[in-house]
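The values are calculated or read from the model by the stated rules, or taken from the named source; none is laboratory data. Note that this is a predicted model, so its numbers are computed, not measured. Backbone-built Cβ (ideal geometry, glycine too); neighbour counts: all protein chains shown. In case anyone asks, the SASA skips ligands and DNA or RNA and just uses the protein heavy atoms, side chains included. Shrake-Rupley method; radii C 1.70, N 1.55, O 1.52, S 1.80 Å.
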Amino acid sequence: MAEGSERDAVPERWNAVGAASGMWMDMALDPRFATRTAPEGERATLLEYLQRYRLTMEMKCADLDAAQLASRSVPPSTMSLLGLIRHMADVERHWFRRVMAQSDAPFLYWSEDVPDAEWLGAVADPAVVDDAWRAWRGEVAFAEKFVADSPDLGVKGFEPDGSSPELRSVLVHMIEEYARHCGHADMLRERIDGRIGR
C-alpha cells in the first residue's frame, strides 16, 4: 500500500500475468476464452457475449471477502461490487422473468420507497453476500433456460409502459448493461486490492 491514512491508502497495481501485461490473467487459462472458435449465427453470438460478461463480473468479484465486496468506490457513490451483484440480479429478473416471461415476480432488492436500495443494502455481511450470489445465479439460470426454450429471437415480452421488446433486443440490452457495469467492476476491483486487467 502507498503511504497515507488507512482509509486513503492506495493499493499497488498488479495482475496475475506480470507487470508488462494489462490482462486479468493468462489468456490460455482464462475461462472466458475457453472456446476459440467464432460463434455462428445471431443467437450464438449474442449468448456468447452475454456469457462472457456475466463471467467477467464473477471474476472481478472472486477471492474477495464480504468487507471488500461491500467496499464503496468513491464518495458520494453508493456503488460496490456487492451492490453490482444485487443490481444485476434485479436487472436479470426484470428483463427475463418479468418482461419476457410475464411473471408477477417482485424485485429482490430494488424499492420504490428506498432510493438505491440494492446498493445501500450491500453491507459487509457474509449472509448478504451469499444471498446476492444465490439470487444472481438463480436469475441467470432462469434467463438461460428462457432463452434456450424460446423458438426464436423474435419472441416478444411486455413492458408496463405497453412496449413489446423482442428477445433479441433484451439480449443486446443485457450485453450493454453488463459491459457498462464490468467497466465499473474494473475500477472497483483495482481500488480494493490493486488488481488490474481486462
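Please verify whether ASP116 is open to solvent by 40 Å² or more (accessible area, probe 1.4 Å), touching a Ser or Thr at 6+ places or on another chain (Cβ under 7 Å) and modelled with pLDDT under 95, treating the condition exactly as stated.
On the way: open to solvent by 40 Å² or more (accessible area, probe 1.4 Å): yes; touching a Ser or Thr at 6+ places or on another chain (Cβ under 7 Å): yes; modelled with pLDDT under 95: yes.
In short, yes.
If I filter segment 125-167 down to residues being of a type in the set (Asp, Glu) and in contact with a helix residue (DSSP H, G or I) (Cβ under 7 Å, 6 or more places away or on another chain), which single residue comes out as least open to solvent (accessible area, probe 1.4 Å)?
Filtering segment 125-167 for residues of a type in the set (Asp, Glu) gives 125, 130-131, 139, 144, 149, 152, 159, 161, 166.
Checking the rest, the ones that are also in contact with a helix residue (DSSP H, G or I) (Cβ under 7 Å, 6 or more places away or on another chain) come to 125, 139, 159.
Values: ASP125: 62, GLU139: 10, GLU159: 42 Å².
The selected residue is GLU139.
Considering (1) open to solvent by less than 30 Å² (accessible area, probe 1.4 Å); (2) touching a Lys or Arg at 6+ places or on another chain (Cβ under 7 Å); (3) in a helix (DSSP H, G or I); (4) in contact (Cβ under 8 Å) with a residue 40 or more places away in the chain, say which one ALA122 fails and leave the rest.
Of (1) open to solvent by less than 30 Å² (accessible area, probe 1.4 Å); (2) touching a Lys or Arg at 6+ places or on another chain (Cβ under 7 Å); (3) in a helix (DSSP H, G or I); (4) in contact (Cβ under 8 Å) with a residue 40 or more places away in the chain, only one is false for ALA122: (3).
Does segment 74-102 hold any residues that are open to solvent by 40 Å² or more (accessible area, probe 1.4 Å) and modelled with pLDDT under 95, and which are they?
VAL74, PRO75, PRO76, SER77
Check segment 175-184 and report whether any residue there is under 14 Å from the mean Cα position of the chain (by Cα), assigned to a helix (DSSP H, G or I), under 17 Å from GLN68 (Cβ atoms) and among the acidic types (Asp, Glu).
no
Tell me the residue from ARG189, ARG137, ARG168, ARG180 that is touching a Lys or Arg at 6+ places or on another chain (Cβ under 6 Å) and within 22 Å of TYR49 (Cβ to Cβ), please.
Selected residue: ARG189, the only one of ARG189, ARG137, ARG168, ARG180 that is touching a Lys or Arg at 6+ places or on another chain (Cβ under 6 Å) and within 22 Å of TYR49 (Cβ to Cβ).
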